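The values are calculated or read from the model by the stated rules, or taken from the named source; none is laboratory data. Values in this document were obtained by computation on a predicted structure and should not be read as measured data. Cβ coordinates were reconstructed from backbone atoms using ideal geometry, including for glycine residues, and neighbour counts include every protein chain displayed. Areas reflect the complete protein model, heavy atoms only, side chains present, ligands, DNA and RNA absent. Shrake-Rupley method; radii C 1.70, N 1.55, O 1.52, S 1.80 Å.
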Amino acid sequence: MSDLLESLNPVQRKAVQHTEGPLLILSGAGSGKTRVITHRIAHLIQHHRVSPYNILAVTFTNKAAEEMRTRLENLIGQSRLWVATFHATCAQILRRDIHHLGYDRSFTIYDTSDQQTLIKEIIKTLQLRLNSPGAVLGEISRAKSDFISPEAYAQRTEGFFEASVAQIYPMYQDYLRANNALDFDDLIKLTVELFDANPNVLEYYQDKFQYILVDEYQDTNRGQYLLVSALAQKHQNICVVGDDDQSIYSWRGADINNILDFEEDYPDTTVLRLVQNYRSTKNILEAAYYVISNNQKRKEKQIWTDNKKGSVITLHEATDDISEADFVLRQIRDWRTRGRKYGDCVIFYRINAQSRSFEDALRGANIPYQIVGGIRFYERMEVKDIIAYMRVIVNPADTVSLRRIINVPARGIGDVTVQRILDFAWDEGIPLFEAIRRVEEISTLNNGAKNRVREFAELIGLFRADDPPTRTAEDLLDRTGYLQALRSEGSIESQTREENLGELIAAVAEYEESETEATLAGFLEKITLSSDIDSMEDKSDLVTMMTLHSAKGLEFPIVFMVGVEEGLLPHQRSYDSEAELEEERRLCYVGLTRAEEHVYLTHARSRRLYGDIDYRLPSRFIEEIPPELVDQGTKPEASRRRVVSSYDPDEPDFEDDVSFPYDVGDVVFHAKFGRGKVTAIDGRGFDMRITVRFERGSEKTLAAAYARLQRIG
């Protein structure tokens, strides 16, 4: 036992030896919380003779649970412990006692694929114009996590999307119940309901789990909070470990107040702060602290380390997103020449849409990479849908692409209709698209189906393979109704998909600007050949790319945080909420504290995002880091993006001589944002930026040379 405690620092030792009563362990980034949890369990068993049967350890991921079990087996040779995720814990409880709620113990647990299949069937039955079962499922999941019933949800709906979900939600629940099936949210929700309705069942588990340990407590939602509270009510031997500074999942139901208010829930709580960091250098930790200390809603703690001081943070301002990706690429190559592995480097971004320029850069340089917590840009559903349209325009004989898009977005051409067209094509020995053109000859289709198929053929006929690629891509989003269908959903998921489509437009535009004879076929060939390189690379050493939300719990020697700009980090959706702005700051803090040795923060003066080139401002979080902790780096390099403008930046004295015809107060029109009024003008010549308050409510700062604003008053 002395050996067990000797490996711990003084505060860790206190946490392990405190066994009776509620304990809150505020565990800073890299402070060894898993070590504390496992050593605490070992201490209870070996020193206090607590039966493993009476200990419950709960975490969020199977990986974390498996790591705990492995460490415990190494510590005490004991693997028969209840160390599991919240969902696995509840599933085991329900297998024993769910009959009290009218279910059979042999219930089925539907995974995400099963759930989406069910949602699709209900959408089809209700004849709703929705093409995203994932968005519907996400909305239902949030409602169930907050214990909002289908009836209560229907009373608070606003807009088309929520009204549609209000129809789907009760049918979804009825179907689950009729099939003796549960989804992931039901596992938590029904366990809480089981305890509420059956005091004897609750008492059984309270006596069984006399010592409860909860990892990542700051990530618990309402259902998980109620579950833990019920189990700990009798013995009060509850130990929760977490870091309010790393609470970044409110969008999926996590409530930071669960950890902030723990002492109110358990007045006799002992609070310990694990603040010695074993991961990062002193400079990285100091910079991270200066950022997070600007949050008001937090428990004060400053992590420190015995590690070396280390290098200061590298701050790089790029001309645009292409130059930003080039800079990161050069740094990765430089680290490689100094003997580091590609796997030592990670690229963190705020939204998935940002990954595209870095994927293009790494693919072009033949550097292997992997995307964690997401899929490759050109493999995302919405991107593949529009690329399939492009392929049909270029090659109508591409039956695979044609089948993918014939009913996307939904236009009433179902599987039966498609099969009858395929049968006709087979009988006539013609390609599928030729059969579509000859739909009037298909006797097995009624007039309604023929009309819908004819309209689809006419839609494809509007496009020509030799038209400018960017214009074709933009017209596809509009004329197919794809963009309108996404916007009608009004969900966070649909907004993300729209952002990805904006990035696809940006990729086409960049290709067109870089080629003297750009064609749609050329763009498709470029992305297809580039994608094939990855399969030839050694997968054991990869640059990692992921969103900041996927980063928690990980660590890397060299961290690139890219797009550290206003509107991205913090995200523009957080501007109207102090709580959301503080969560964005916590997200920045998580990114910084993943780094062991070096951090790069990059931002761009302009960025092609969602299809438009906007002038960007550095994130306020950068300004919160003291200047002595930052290396300002080099001046922005010239961009490889060719400017499409009536002005020629290569002409002598361009910045001094060129002017743009705008004044404060002018009414202007923008193709994406609509009408607006100029509220401010800053700079001159090619560096001029214009702030416009648009009638739709948003305010944008745009580069005058790129904005393509029409002055209308």
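Each residue of the range 288-297 is assigned a 3J(HN,Hα), and the resulting list reads 4, 5, 4, 6, 5, 5, 6, 7, 8, 8 Hz, derived from the Karplus form 6.51 cos²θ - 1.76 cosθ + 1.60 (θ = phi - 60°), x at Gly and Pro. Each principal axis of the Cα cloud of the range 102-260 was evaluated for its coordinate range; sorted largest first, these ranges are 52, 40, 28 Å. Accessible surface of the chain, 1.4 Å probe: 46 percent of it comes from carbon and sulfur atoms.
Over the range 289-409, what portion of Cα pair distances is larger than 19 Å, expressed as a whole percent?
Working: 4831 of 7260 pairs.
Counting every Cα pair in the range 289-409, those more than 19 Å apart make up 67 percent.
Mind jotting down a quarter of the surface of the convex hull over the alpha carbons of the range 439-593, in square nanometres, one decimal? Before the final figure, lay out each step's value.
Numbers: hull surface 60.0 nm².
In nm², the orientation-averaged hull projection of the range 439-593 is 15.0.
May I ask you to give the solvent-accessible area per residue for the chain, in square angstrom, as obtained with a 1.4 angstrom probe? All intermediate terms of the calculation are to be shown ahead of the outcome.
Numbers: 31330 Å² over 713 residues.
Result: 44 Å² per residue.
Kirkwood hydrodynamic radius of the range 387-484, from the reciprocal of the average inverse Cα-Cα distance over all distinct pairs: 13.7 Å. Between GLU121 and GLU628, the FRET efficiency estimated from the beta carbon spacing at R0 = 51 angstrom works out to 0.25.
Considering only protein heavy atoms, with the full assembly of protein chains and a 1.4 angstrom probe, order GLU67, GLU565 by accessible area, largest first.
Working: GLU67 75, GLU565 0 Å².
In descending accessible area the options line up as GLU67, GLU565.
Take each peptide in 22-28, 268-274, count the other Cβ atoms within 10 Å of every residue, and average; sorted highest first, the result is 22-28, 268-274. Restricting to the chain, compute how many DSSP beta bridges are antiparallel as a %, nearest 5. Of all bridge pairs located within the chain, approximately 30 percent are antiparallel. Shown is the FRET efficiency for ASP207 and ASP3, computed with R0 = 35 Å from the Cβ-Cβ distance and rounded to the nearest 0.05: 0.60.
Starting from the Cα of ASN198, step 7 Å along the direction of its Cβ; do the same at ASN451; then give the gap between the two resulting points in nm. So the label points at ASN198 and ASN451 sit 5.6 nm apart. Here's the list of lysines a cross-link from LYS308 could span, going by alpha-carbon distance under 21 Å and ignoring same-chain residues fewer than 8 apart: LYS282.
In order along the range 359-365, phi translates into HN-Hα couplings of 4, 4, 5, 5, 4, x, 8 Hz, rounded to whole numbers, per the Karplus curve 6.51 cos²θ - 1.76 cosθ + 1.60 with θ = phi - 60° and x for Gly and Pro.
Computed packing ranks the peptides 132-141, 471-480, 331-340, 37-46 as 37-46, 132-141, 471-480, 331-340, most packed first, by mean other Cβ atoms within 10 Å.
To make sure I understand the rule: partners must be aspartates and glutamates, Cα under 14 Å from the Cα of LYS309, and not fewer than 8 residues away in the same chain. Which ones qualify? Partners within reach: GLU286, GLU596, GLU597, GLU628. Here the range 180-298 is treated with +1 on each Lys and Arg Cβ and -1 on each Asp and Glu Cβ, and its dipole about the Cα centre works out to around 400 debye. When the surface is traced with a 1.4 Å probe over the full set of protein chains, VAL394 keeps roughly 50 Å² accessible.
Where does each of 50-58, 345-353, 413-421 land if you order them by average Cβ count within 10 Å, highest first? Spell out each step's value before the answer.
Details: 50-58: 18.7, 345-353: 24.2, 413-421: 16.0.
Answer by packing, highest mean first, reads 345-353, 50-58, 413-421.
The simple spin-label model puts a point 7 Å past each Cα toward its Cβ; for ALA397 and ASN257 those points are separated by 6.4 nm. Taking 0.36 nm per residue of separation and subtracting the current Cα-Cα distance, fully stretching the chain between ARG340 and SER577 would add 81.2 nm.
As a test of understanding, state the convex hull volume per residue of the range 347-398 from its alpha carbons, in Å³. Intermediate results must be reported in sequence, preceding the final value.
Details: hull volume 5.3 nm³, N = 52.
In the range 347-398, the Cα hull volume divided by residue count equals 101 Å³.
Accessible area of TRP304 (1.4 Å probe, protein heavy atoms only, ligands and nucleic acids ignored): about 110 Å².
Take the Cα coordinates of the chain, assign each an equal point scatterer, and use the Debye formula without solvent to give log10 I(q)/I(0) at q = 0.07, 0.10 Å⁻¹. After summing over all Cα pairs, the log10 values are -0.58, -1.15. Note on MET688: accessible area approximately 20 square angstrom, rounded to 10, probe 1.4 Å, nucleic acids and ligands left out.
Go through the range 246-326 and name the GluC sites (Glu not before Pro) that are in a DSSP coil and have 11 or fewer other Cβ atoms within 10 Å of their Cβ.
Values: sites: GLU263, GLU264, GLU286, GLU300, GLU317, GLU324; in loops: GLU300.
Of the GluC sites (Glu not before Pro), the ones in loops of the range 246-326 whose Cβ has at most 11 other Cβ atoms within 10 Å are GLU300.
If you rank THR444, THR691 by how much accessible surface each has, with a 1.4 Å probe, what is the order from largest down? Before the final figure, lay out each step's value.
Working: THR444 80, THR691 25 Å².
Putting THR444, THR691 in descending order of accessible area: THR444, THR691.
The listed residues ARG708, ARG403, ARG80 rank as ARG80, ARG708, ARG403 when sorted by accessible area, largest first, using a 1.4 Å probe.
Cross-link pairs exceeding 21 Å in C-alpha to C-alpha distance, out of LYS299/LYS552; LYS234/LYS297; LYS301/LYS552; LYS677/LYS700, comprise LYS234/LYS297. Sorted largest first, the principal axis extents computed over the alpha-carbon atoms of the range 101-184 equal 39, 24, 18 Å.
For the chain, the 222 nm mean residue ellipticity estimated from helices alone, with every DSSP H stretch of n ≥ 4 adding -39500 (n - 2.57) and the total spread over all residues, rounds to -14000 deg cm²/dmol.
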